[in-house]
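Notes for the one structure printed next.
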Amino acid sequence: MTETLSVAEICQTVYGEPIEVIDWDTEQSEDKFEIKILFREQRRGWYLEMVITQTQSGKIFSSHRVLPLFLPLLDPDETQWHALTQEASEADWQALDQLFALSRQLSETNIAFAGADIVGEEVADEAMDTFGFYVPDEELLPVFIWWNLDYQLKLIAYFKHPDRFAGEVMFQDDNTDECEVYASLTEAIARLEQKIAYYRDEA
């Protein structure tokens, strides 16, 4: 815990504003020591990566960038993510943190918003044809989509659900052609992790 706190303090000092450290690892070589950190900026809820490097001579360098997996969520409007996550609870943020941390460890993972410009005007039909899931009402757009081609798994979250933020999350397993519906991101991501563990064991 002390070590985690010190990494968070270093990251926040370097970044210059409040952040939440989600995951980090270290790498040691003959000429340098690196800390690679995944963190969330509290102000906008953006996910970023930071690398802090200490050379053999003791010099320290740092660099940070938006997490590549997160970039599609900022296109074409980088304010959209912040606007859509205003109602997210602490539990929702913890679930999203978990999802982005997991996604970094998997190849062939994609994350995007599907809005009317992608889904089309005939929302229900177009979403089914394009993505294989149903959007009952265009007022729910954009929907948050996570999918992994290796495992053939999908999460579809309605951030604009009328009851609460991400009040309905669909989990799809294209291997078995099954779809399950959950009332929170926490439940859906727990199921996703369970399925990934199952397919890893089967491989």
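Read the figures in this text as sums done on the coordinates, not as results from a lab. This structure is a prediction, so every number in the text was calculated from the model and none was measured. Methodologically, a virtual Cβ is constructed for each residue, glycine included, from the backbone with ideal geometry; neighbour enumeration extends over all protein chains shown.
Annotations for the structure displayed:
- Burial ranking of peptide ranges 50-58, 14-22 (average Cβ count within 10 Å, highest at the top): 14-22, 50-58
- Subtracting the Cα-Cα distance of GLU193 and LYS59 from 0.36 nm times their residue separation leaves 44.3 nm of extension gain.
- Helix content alone sets the calculated 222 nm mean residue ellipticity of the chain: runs of n ≥ 4 DSSP H residues at -39500 (n - 2.57) each, divided across all residues, give -9500 deg cm²/dmol.
- Model label sites at ASN175 and THR79, defined 7 Å from Cα along the beta-carbon direction, differ in position by 4.3 nm.
- Ordering of 153-160, 92-99 by burial proxy (mean other Cβ atoms within 10 Å per residue, highest first): 153-160, 92-99
- Relative packing of peptides 23-31, 80-88 - highest average C-beta neighbours within 10 Å first: 80-88, 23-31
- The chain - percent relative contact order, Cα under 8 Å, separation 6 or more: 11 percent
- Enclosing the Cα atoms of segment 2-66 in their convex hull gives a volume equal to 79 cubic angstrom per residue.
- Note: segment 30-122, Cα convex hull, 137 Å³ per residue.
- If the Kirkwood radius is taken over C-alpha pairs of the chain, then at 37 °C and 0.692 mPa s the Stokes-Einstein diffusion coefficient equals 179 µm²/s.
- With the simple model of a label 7 Å out from the Cα in the direction of the Cβ, SER6 to VAL66 spans 3.4 nm.
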